[in-house]
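**Q** Handing you this structure, nothing more for now.
The values are calculated or read from the model by the stated rules, or taken from the named source; none is laboratory data. Note that the coordinates shown come from a computational prediction; the quantities given were computed from them, not determined experimentally. Backbone-built Cβ (ideal geometry, glycine too); neighbour counts: all protein chains shown.
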Amino acid sequence: MNKSTPLLSAAILCASLAALPAPTLAAWPAAVDGEALPSLAPMVEQISPAVVSVSVEGTQTARSSLPEQFRYFFGPNGPRGGERSRPFRSLGSGVIVDAAKGHIITNHHVIENADKILINLSDGREFEAELIGSDPATDVAVIKIDAKKLTAVTLADSDQLKVGDFTVAIGNPFGLGQTVTSGIVSALSRGLDNEGYQDFIQTDAAINSGNSGGALINLNGELIGINTAIIAPGGGNVGIGFAIPVNMVQNLTDQILEFGEVRRGVLGIIGGELTSETAKLFGLNTKHGAYISQVVSDSAADDAGLQAGDIITALNGKKIRTFQELRAKIATMGAGAKVKLKLIRDGDTRTVKVTLNEAPGENVQAAIIHPALEGAKLSSVNEDGVRGVKITELAERSRAAQQGLQEGDVVISVSLMNRQRVAIKDLAQLREVLNNYDGAFAATVRRDGNQLMVIMR
C-alpha cells in the first residue's frame, strides 16, 4: 500500500470539511456578572522566564556482559568485562534564583556525571553552564551561567504551606519545552524511603520525566519547591508528584555557594515517629512530633541536655510533624547553626537551645579542602582502632594519586610547614587544619596496617 494514502485521504477529508458551514460552538464568556474570569496567565507570563530547560551530555559507567577472559580477542583497547563507560544525554529543568550572578537550581540527578550542561532560556538563548556544587543526599545542585537580562524567581516561605494550597508546576516534560500544570498541595512532610533527607511537598500538579529541577510555585508566582520525583506505576503522571521545599533548598544553596559543598548539621539523637500508642503512654494529646529513644554521647543534643524520652514538637518555632522531617531540616541547616527546640518532657513543655555539630562527611571532593588532594574523595572513619579520614575514591593520574596517596589510605595526622603535627580524628578537623592553607604539608597515613608519610604539594 502506498504510504501516502492515509495522508491524502486526510487531506481530502479536511478539504471536504472546510466546505461545510462552521459549527456553532459554545465559548467561555469573557466575564460573569461584570467580573472578569480568573486566569493564571499574567502570573505565568511573569514567572516563566525564570524557569529554564537543562540539557546534559556525559558518560556513565555500565556493566558489560563480556567475560574478562575474552577481552584479548579484541586487543588491549577492546571492551572489558565488568564495567565500561558510555555516553549519555538527558533533559531536565532548572530555576534561576539569582539573575545578577546567573545562579540556577536544579536536581543533582539531572546533572550527575555531566561533561557538558546546556541551558536554554524561554527567550531562545542558549548558554553552557558551570557546576558550582551538588548534594546527592538531598538531590539539589547549583549551576551557573554567564548571561545578561535574566529573570529570577522570588522565594516563598515553604514552612507556611498548608494542604489544599494551590500550586503551579513549570518545567520541560519529555523535552517538549516549557509546560505549565496546576494542582494543589496534597500532603506535606512526605518521605519515599529511608535514604537521604526527605521532607517533600506532595502535589497533584502534573509532573513527568523532564520536570525534574523545575519550579513548583504558588499563586503569587513565588517558588515553594523544586520538583524532583513522581510515583509513576505506568511510567507517566498519576497525580502524585514531590518537590523539595524551598526553605530546605535555600539552606543547601547557601552552603554550596559559600563552601562548594554541604556541611551537614547533626543533632545526635536516635528515635522515631510519635505514634498514637507512644502518645497515650506519655499521656499526650498531640500525635505529631519526634520521639527521642537515645541521645548520642558527646553530641550536640547531649551538650544541650536532651534526654531519652523527650518529644520534640517544634524547631525554631515551626511545628515538627515527624522524626523524618526533623532529621531532614536539621541536616540541611548546616554545621554550627543555632536552633531552638520545643519539647515535651515528663508532661512539661520546655525550650532548649542547641548548636549543631558537623556530620561525618561521606565521599567529599577533597580538592575543596586543599588543591593537593585533587582527585580524591574523603570520608571520616573510625574502624578497628584507626580514626581519621579515609581515601574512599581516587582518580587515576590525579594530583593526589601522583603524589603517593592510594585508595583505602587513612590520614591520621597532618604537619604543615614549620608547624607541629596535628592528629586528625575526622573530616571536620582536617578541613579546619587546612583552612585557607595552600602550601605543602605532610600527611601521615595508615596503609595495610603500616604507617607512612606522604608529602603533598
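**Q** Among the residues of region 402-417, is any out of contact with any Lys or Arg (no Cβ under 8 Å at 6 or more places or on another chain), small (Gly, Ala, Ser), exposed (fewer than 14 other Cβ atoms within 10 Å of the Cβ) and farther than 27 Å from Gly265 by Cβ?
**A** The answer is no, given that none of the residues of region 402-417 is out of contact with any Lys or Arg (no Cβ under 8 Å at 6 or more places or on another chain), small (Gly, Ala, Ser), exposed (fewer than 14 other Cβ atoms within 10 Å of the Cβ) and farther than 27 Å from Gly265 by Cβ.
**Q** Scan region 161-174 and tell me whether some residue there is modelled with pLDDT of 90 or more, closer than 17 Å to Lys329 by Cα and not assigned by TED's automatic domain parsing to the domain that holds Asp98.
**A** yes
Matching residues to (1) buried (at least 16 other Cβ atoms within 10 Å of the Cβ); (2) modelled with pLDDT under 85:
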| position | (1), (2) |
| --- | --- |
| Glu277 | no, yes |
| Ala304 | yes, no |
| Ile312 | yes, no |
| Lys319 | no, no |
| Glu325 | yes, no |
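**Q** Considering only region 114-134, I want to know if a residue exists there that is in contact with a His (Cβ under 9 Å, 6 or more places away or on another chain) and surrounded by fewer than 20 Cβ atoms within 10 Å (Cβ to Cβ). Give the steps one after another, and end with the answer.
**A** Here is the first cut: in region 114-134, the residues in contact with a His (Cβ under 9 Å, 6 or more places away or on another chain) are 132, 134.
Filter again for surrounded by fewer than 20 Cβ atoms within 10 Å (Cβ to Cβ), leaving 132.
Yes; the residues of region 114-134 include at least one that is in contact with a His (Cβ under 9 Å, 6 or more places away or on another chain) and surrounded by fewer than 20 Cβ atoms within 10 Å (Cβ to Cβ).
**Q** Need the failing condition index for Ala443 against (1) of a type in the set (A, V, I, L, M, F, W, C); (2) surrounded by fewer than 19 Cβ atoms within 10 Å (Cβ to Cβ); (3) assigned to a strand (DSSP E or B), just the number.
**A** The number of the failed condition is (2).
**Q** Condition test on Val110, is it within 19 Å of the chain's Cα centre (by Cα), of a type in the set (A, V, I, L, M) and not in a strand (DSSP E or B)? Give the derivation first.
**A** Details: within 19 Å of the chain's Cα centre (by Cα): yes; of a type in the set (A, V, I, L, M): yes; not in a strand (DSSP E or B): yes.
Criteria met by Val110.
**Q** Please state which of the following conditions Asn220 fails to meet, knowing it meets all the rest: (1) part of a strand (DSSP E or B); (2) in contact (Cβ under 8 Å) with a residue 40 or more places away in the chain.
**A** (1)
**Q** Collect the residues in region 233-277 that are in a loop (DSSP other than H, G, I, E, B), polar (S, T, N, Q) and within 30 Å of Asp310 (Cα to Cα), keeping them in residue-number order.
**A** Here is the first cut: in region 233-277, the residues in a loop (DSSP other than H, G, I, E, B) are 233-240, 260-264, 267-268, 274-275.
Within this subset, residues satisfying the condition of being polar (S, T, N, Q) are 237, 275.
The one that is in a loop (DSSP other than H, G, I, E, B), polar (S, T, N, Q) and within 30 Å of Asp310 (Cα to Cα): Thr275.
**Q** Right, here's the next one. Yes or no: Ala147 of a type in the set (A, V, I, L, M, F, W, C), over 23 Å from Ser209 (Cα atoms) and at pLDDT 90 or above? Write out each step before concluding.
**A** Working: of a type in the set (A, V, I, L, M, F, W, C): yes; over 23 Å from Ser209 (Cα atoms): yes; at pLDDT 90 or above: yes.
Taking the combined requirement at face value, the residue satisfies it.
**Q** Can you pull out the residues in region 112-145 that are of a type in the set (Asp, Glu) and more than 23 Å from Gln255 (Cβ to Cβ)? Reasoning before the result, please.
**A** So the first thing to find is which residues in region 112-145 are of a type in the set (Asp, Glu), and the list is 112, 115, 123, 126, 128, 130, 135, 139.
Selection gives Asp115, Asp123, Glu126, Glu128.
**Q** Search region 278-320 for residues being hydroxyl-bearing (Ser, Thr, Tyr) and outside any loop (DSSP other than H, G, I, E, B), and hand back the single one that is farthest from Ala335 (Cα to Cα). It would help to see each step written out before you state the result.
**A** Taking region 278-320 and keeping what is hydroxyl-bearing (Ser, Thr, Tyr), we get 278, 286, 291, 293, 297, 299, 313.
Retained after the next criterion (residues that are outside any loop (DSSP other than H, G, I, E, B)): 278, 291, 293, 313.
Values: Thr278: 31, Tyr291: 22, Ser293: 23, Thr313: 22 Å.
Checked region 278-320; the qualifying residue farthest from Ala335 (Cα to Cα) is Thr278.
**Q** Now, a different point. Being modelled with pLDDT of 85 or more and assigned to a strand (DSSP E or B) narrows it down to one of Leu405, Leu430, Leu452, so name that one. Break it down into steps so the answer makes sense when it comes.
**A** Working: Leu405 fails: assigned to a strand (DSSP E or B); Leu430 fails: assigned to a strand (DSSP E or B).
The match here is Leu452.
**Q** Which members of region 44-59 meet the condition of being outside any helix (DSSP H, G or I) and of a type in the set (A, V, I, L, M)? Let's see the steps before the verdict.
**A** So the first thing to find is which residues in region 44-59 are outside any helix (DSSP H, G or I), and the list is 51-59.
Matches in region 44-59: Val51, Val52, Val54, Val56.
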